[in-house]
Amino acid sequence: MEATTTIAVSANGVDASTHQLQHYASIYRKELLDNILPFWEQHSIDQENGGFFTCLDREGKVYDTDKFIW
């Protein structure tokens, strides 16, 4: 039994998965720029010693001042 893949193609020749990827890319970009980056910029910067705190709660309060590198 062979596996088959079906791709829906729109009238302009662009497959539906491309539209779906563009849709999700737009959602993720908006969330990143409107919420995630402003949160981290506001709450994670260590003004005293430099660098960034990585252990923040949902309100932005630092709960551990150890700094980690990944």
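Using the Karplus curve 6.51 cos²θ - 1.76 cosθ + 1.60 with θ = phi - 60°, work out ³J(HN,Hα) for each residue of the stretch 52-61 in order, rounded to whole Hz, and write x for Gly and Pro.
Using θ = phi - 60°, the values come out as 9, 7, 10, 9, 10, 7, 5, 8, x, 7 Hz.
Computed over the Cα atoms, what is the radius of gyration of the stretch 14-70 divided by 2.2 N^0.38 Å, N being its residue count?
Rg over 2.2 N^0.38 Å, computed on Cα atoms: 1.59.
With a 1.4 Å probe and all protein chains in place, put R58, R29 in order of accessible area, largest first.
Values: R58 215, R29 155 Å².
In descending accessible area the options line up as R58, R29.
Enumerate the calculated ³J(HN,Hα) couplings along the stretch 44-51 in order (Karplus 6.51 cos²θ - 1.76 cosθ + 1.60, θ = phi - 60°), each rounded to whole Hz, writing x wherever the residue is Gly or Pro.
Karplus values, whole Hz, x for Gly and Pro: 9, 6, 8, 5, 7, 10, x, x.
Check K67: other-chain or 5+ apart residues with amide H under 5 Å from its amide H, H built from backbone geometry?
none
List the residues, sorted by chain then number, that are 5 or more residues from F52 or on another chain and whose placed amide H is less than 5 Å from its amide H.
D46
The values are calculated or read from the model by the stated rules, or taken from the named source; none is laboratory data. Small disclaimer: the values here were computed from a predicted structure and weren't measured. What goes into the accessible areas is simple: the full protein's heavy atoms, side chains included, and nothing from ligands, DNA or RNA. Shrake-Rupley method; radii C 1.70, N 1.55, O 1.52, S 1.80 Å.
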